[in-house]
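S.K.: Quick one: the structure is below, questions incoming.
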Ligand SMILES: C[S@@+](CC[C@H](N)C(=O)[O-])C[C@H]1O[C@@H](n2cnc3c(N)ncnc32)[C@H](O)[C@@H]1O
């Protein structure tokens with residue numbers, strides 16, 4: 001595989017600007033003689049800005065992409081991001097692309113449309129389901145979804161309401177009584193469909209839950225917004241069905257005559273920290289991924305409505321999933337003998353222990369996050385083909401004024417495991433929370449793409 005760099009010359013100007021910005025902020029963010037300063041100096045020449053990537057590292061870039069626009073998986077990156085990196089890595093049919101944190105399945109979907117075989121895993125049942133179902137939309141014929149929807153509609157009212165995990169607190173307040181009953185009946189009507197129609201309609205059903213509820217997927221979890229205008233489930237489904245029909249036509253136009261049967265992705269419900277049971281067809285040659293960020297977001301809360309409608313029977317089962325995913329959220333548990341796995345993590349944890357934190361569990365979460373990510377990278381080293389390329393989007397984080405250069409720490413860990421760090425591309429700078437800004441000043445926080453080679 002040949003290695004294509006980004007448009008280097010143009011970035012020179014950017015690079016000089018970065019150095020200025022970063023130098024002025026460096027003094028503010030890392031104490032003299034700190035491990036983090038050493039890391040920054042070590043990787044300085046591998047770092048460069050490519051701020052045109054800023055919209056493609058987020059879901060916003062998918063707003064007009066057929067099928068990817070249907071279900072708002074807000075932690076997803078954009079289709080264009082995956083296409084861009086497949087191109088940079090010169091990928092073709094002989095490659096095998098792997099996403100160990102597949103989410104919506106953007107990596108596999110884009111690989112498929114590029115004629116490249118792929119495999120993905122996710123530990124969150126709803127993400128596994130979504131990324132497994134998304135490729136099925138490419139096989140739909142025109143009007144198929146519309147006709148099925150017309151056949152379901154008259155049956156909804158007469159259906160028995162489906163069982164849902166009503167003991168989960170958010171389920172008791174998320175919906176009006178009327179919408180909850182209608183959604184449960186609609187769910188039962190969908191459950192009776194034959195495969196693959198059932199999965200396609202379940203996908204659409206999950207995609208309307210947010211708008212039919214008093215909740216909103218923003219911030220660290222699912223926020224309750226009692227004054228929100230909510231949609232009627234039948235109208236919301238009808239809108240989704242129309243969007244799908246539009247996308248069936250658009251995809252034919254954008255990819256005429258595409259043959260996708262040979263590149264159906266393999267998708268597993270599995271843990272990226274242990275790849276020993278994954279049935280890879282062969283050694284993956286490319287990883288394009290983004291792990292959960294160390295930012296306290298809890299996927300089992302953000303996606304709790306979907307989980308409660310289909311994947312868990314009760315609160316106990318939901319909590320079991322919460323404690324089974326990567327430890328990037330505040331309820332993450334840490335074992336007594338677990339210690340920070342890198343000196344920079346140790347430094348941050350020590351600095352935080354001297355401060356008054358708004359949540360005392362933050363240092364444990366940070367330690368657990370890096371232990372888990374180190375394990376993930378070790379697994380990649382085991383399964384990847386020699387020479388394989390990795391592009392991973394990561395967000396740096398800042399707690400109580402302590403900046404954590406996640407991109408640099410993970411890169412040094414990867415190096416210790418055996419990878420070569422090729423580039424650290426800064427895609428965008430984010431601000432800080434208003435609380436942090438007031439107390440510690442405004443410091444840009446990087447969202448980067450780390451590029452490694454095995
Ligand atoms: C940032 S999202 C990935 C989004 C994806 N790139 C996309 O375009 O949709 C991170 C994903 O990691 C998943 N995840 C969390 N813990 C995991 C684990 N231990 N193993 C595999 N996946 C995990 C989450 O469920 C989430 O879907």
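S.K.: I need every pair where a residue in segment 384-406 that is at positive phi has its Cβ under 7 Å from the Cβ of a residue that is assigned to a strand (DSSP E or B), sequence separation at least 6 or different chains.
M.R.: If the second residue must be assigned to a strand (DSSP E or B), the pairs left are 387/453.
S.K.: Return the total of residues in segment 425-447 being touching a helix residue (DSSP H, G or I) at 6+ places or on another chain (Cβ under 6 Å) and at pLDDT below 90.
M.R.: 1
S.K.: Next question. Going through segment 325-353 one residue at a time, which ones are at pLDDT 95 or above and within 13 Å of the ligand (Cβ to nearest atom)?
M.R.: If the condition is that a residue be at pLDDT 95 or above and within 13 Å of the ligand (Cβ to nearest atom), then 325, 326, 327 are the ones that fit.
S.K.: Could you grab me the full set of residues in segment 138-156 that are out of contact with any helix residue (DSSP H, G or I) (no Cβ under 7 Å at 6 or more places or on another chain) and either crowded, with 20+ Cβ neighbours inside 10 Å or at pLDDT below 95 (or both)?
M.R.: The answer is 139, 141.
S.K.: What about residue 379, is it within 24 Å of residue 407 (Cβ to Cβ), in a helix (DSSP H, G or I), away from the ligand (no atom under 16 Å from the Cβ) and at pLDDT 95 or above?
M.R.: Criteria not met by residue 379.
S.K.: Sticking with this structure for a sec: What residue, among those in segment 117-137 that are assigned to a helix (DSSP H, G or I) and either under 23 Å from residue 323 (Cβ atoms) or under 12 Å from the mean Cα position of the chain (by Cα) (or both), is nearest to the ligand (Cβ to nearest atom)?
M.R.: The residue in question is 127.
S.K.: Right, here's the next one. What about residue 370, is it more than 18 Å from the chain's Cα centre (by Cα) and within 15 Å of the ligand (Cβ to nearest atom)?
M.R.: no
S.K.: Now, a different point. Could you list, in sequence order, the residues of segment 292-318 that are in a loop (DSSP other than H, G, I, E, B), touching a strand residue (DSSP E or B) at 6+ places or on another chain (Cβ under 7 Å) and within 11 Å of the ligand (Cβ to nearest atom)?
M.R.: Scanning segment 292-318 gives 293, 295, 297, 298.
S.K.: Continuing with this model, one more query. Please determine, by comparing only the residues of segment 264-290 that are within 9 Å of the ligand (Cβ to nearest atom) and crowded, with 22+ Cβ neighbours inside 10 Å, which one is nearest to residue 75 (Cα to Cα).
M.R.: Step by step, filter segment 264-290, then rank; the result is 290.
S.K.: Exactly one of (1) farther than 30 Å from residue 89 by Cα; (2) within 16 Å of the ligand (Cβ to nearest atom); (3) surrounded by 15 or more Cβ atoms within 10 Å (Cβ to Cβ) is unmet by residue 364. Its number?
M.R.: (2)
S.K.: Another question, if that's okay. Just a yes or no: is a residue in segment 78-95 within 12 Å of the ligand (Cβ to nearest atom), in contact (Cβ under 8 Å) with a residue 60 or more places away in the chain and under 16 Å from residue 299 (Cα atoms)?
M.R.: no
S.K.: Let me ask you something else. Is at least one residue of segment 40-52 outside any loop (DSSP other than H, G, I, E, B) and within 9 Å of the ligand (Cβ to nearest atom)?
M.R.: The answer is no, given that none of the residues of segment 40-52 is outside any loop (DSSP other than H, G, I, E, B) and within 9 Å of the ligand (Cβ to nearest atom).
S.K.: Would it be correct to say that residue 162 is farther than 21 Å from residue 248 by Cα, more than 11 Å from the ligand (Cβ to nearest atom), in contact with a strand residue (DSSP E or B) (Cβ under 7 Å, 6 or more places away or on another chain) and assigned to a loop (DSSP other than H, G, I, E, B)?
M.R.: no
S.K.: Within segment 397-424, how many residues turn out to be assigned to a loop (DSSP other than H, G, I, E, B) and modelled with pLDDT under 95?
M.R.: Adding up the residues that qualify gives 2.
S.K.: Further question on the same structure: Quick check on segment 27-36: of everything there that is at pLDDT below 95 and buried (at least 16 other Cβ atoms within 10 Å of the Cβ), which residue is farthest from residue 426 (Cα to Cα)?
M.R.: 34
S.K.: Can you name the number of the only condition in (1) modelled with pLDDT of 95 or more; (2) over 30 Å from residue 90 (Cα atoms); (3) away from the ligand (no atom under 16 Å from the Cβ) that residue 385 fails?
M.R.: In the conditions (1) modelled with pLDDT of 95 or more; (2) over 30 Å from residue 90 (Cα atoms); (3) away from the ligand (no atom under 16 Å from the Cβ), residue 385 misses (2) alone.
S.K.: Given the residues 165, 189, 174, which is the only one that is over 29 Å from the mean Cα position of the chain (by Cα) and surrounded by 15 or more Cβ atoms within 10 Å (Cβ to Cβ)?
M.R.: That would be 189, the only listed residue that is over 29 Å from the mean Cα position of the chain (by Cα) and surrounded by 15 or more Cβ atoms within 10 Å (Cβ to Cβ).
The values are calculated or read from the model by the stated rules, or taken from the named source; none is laboratory data. All figures in this text were calculated on a predicted structure; none of them were measured in a lab. In this analysis, Cβ positions are derived from the backbone assuming ideal geometry, glycine residues included, and neighbour counts consider all displayed protein chains.
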